[in-house]
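Since the structure comes first, as structure tokens, the remarks are kept for the end.
What follows is calculated from the coordinates using simple rules that are stated; it is not laboratory data. Nothing here was measured: the structure is a model prediction, and the numbers come from that model. With ideal geometry, Cβ positions are generated from the backbone for all residues, glycine too; neighbour counts draw on all protein chains shown.
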Ligand code: COI
């Protein structure tokens, strides 16, 4: 192992790269990781010792708070390689701000901006060969923070690890996606932490999503916990509905993730001249529009999912299939966003960040 210090970051290079063993044409999302990881520890009241080290298991005390109280938050970002071999991030400032909002809500310390960007840059410099060219290829970047203090007292930890791992990625959903609209289970409640990218928000969805899978759906669209009358988000994506030629999505709230792709979709769609309404969306309205033939599309947006068309939905035992379209809003908006991400088009919004 060789050690060197790049600005603030200590680097220990991996001498045994696994890259030659990876089939980059057949990646299962989130199953292969690059050669290095970024790690920074919080103790004695500050973040310290930022390092990039070979990807490796962690050693933690079994009583560490993260295992018992789920004090854990994460982010999802992507790096893209353009045709000239330059590497880009997409709106990383949004992820940086959001992880700190998530940290605040879970009583975890904010992470410093210079460590975040320097850590990312150092890691991507070392693992840049894992970012493959071509539309649809990317490197999924997973920053996360866990509470490491030993002891099962139900109180915030005084020690944390901030870690970034990276995984070469293609599509998140391999096949067709149909969704079940929730009428019993809930993802988040008002005053809760649905807006945070907290690990527990995802674990709580696994059981109801498994039930939905038994009925032939890949995802659940969550509805408001009080009445189940309003559509909110799908667990891995925000959701958009095209009624006639208007795109409708619900406003963000303390129950809903403020998705980076969601806000990009809204801006790009408006820039394309599409009428976008950000307002509460009733389940009843969507069912009536589907019955009248006015519901033309549903799609989800997210970093991992990018823009994923939803082909049909179910509600209380009934099922609807959406009409097949030649040129969908989902395809058109996805192309515009990916053209920016892959440096194929002008970035009029200033979203690209060169690494
Ligand atoms: C992302 O899109 O980055 C997410 O965090 C969703 C995750 C469940 C894959």
If you average the sequence gap of Cα pairs under 8 Å that are 6 or more apart and divide by the length of the stretch 178-341, what percent do you get for the contact order?
24 percent
Ranked from fewest to most other Cβ atoms within 10 Å of their own Cβ, 186, 301 fall in the order 186, 301
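Stretch residue 267-residue 128 to full length: gain in nm at 0.36 nm per residue minus the Cα-Cα span? Mind dumping the intermediate values first?
Numbers: separation 139, 0.36 × 139 = 50.04 nm, distance 2.99 nm.
Extra length from residue 267 to residue 128 when fully extended: 47.1 nm.
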For the chain, find the longest principal axis of its Cα atoms and tell me its angle to the long axis of helix 329-341, 0 to 90°, nearest 10.
20 degrees
I'd like to compare 314-326, 330-342: which one has the highest average count of other Cβ atoms within 10 Å, and what's the full order after that?
330-342, 314-326
Per-residue ellipticity at 222 nm for the chain, helices alone: DSSP H runs ≥ 4 residues times -39500 (n - 2.57), over residue total, nearest 500 deg cm²/dmol?
-7000 deg cm²/dmol
Relative to the chain, whose Cα atoms define the longest principal axis, helix 113-126 and its Cα axis are tilted in degrees, nearest 10, by 80 degrees
Helix 199-214 sits off the longest principal axis of the Cα atoms of the chain, rounded to the nearest 10 on a 0 to 90 degree scale, by 40 degrees
For the stretch 109-160, what is the relative contact order in percent, using Cα pairs closer than 8 Å and at least 6 residues apart in sequence?
19 percent
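Neighbouring Cβ atoms within 10 Å as the yardstick, rank 272, 37 fewest first.
272, 37
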Rg/Rh (Cα only; Kirkwood hydrodynamic radius) as it applies to the stretch 179-325:
0.93
Applying the gyration tensor rule to the Cα atoms of the stretch 187-248 (axes a ≥ b ≥ c; rounded if a/c under 1.5, else prolate if a/b exceeds b/c, else oblate), the class is oblate
Sorted largest first, extent of the chain alpha carbons per principal axis (Å):
65, 52, 35
Just need the Rg to Rh number for the stretch 2-169, please, alpha carbons only, Kirkwood Rh.
0.97
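With the contact rule set at Cα under 8 Å and sequence spacing of 6 or more, what percent relative contact order holds for the stretch 80-204?
It comes to 25 percent, rounded to a whole number.
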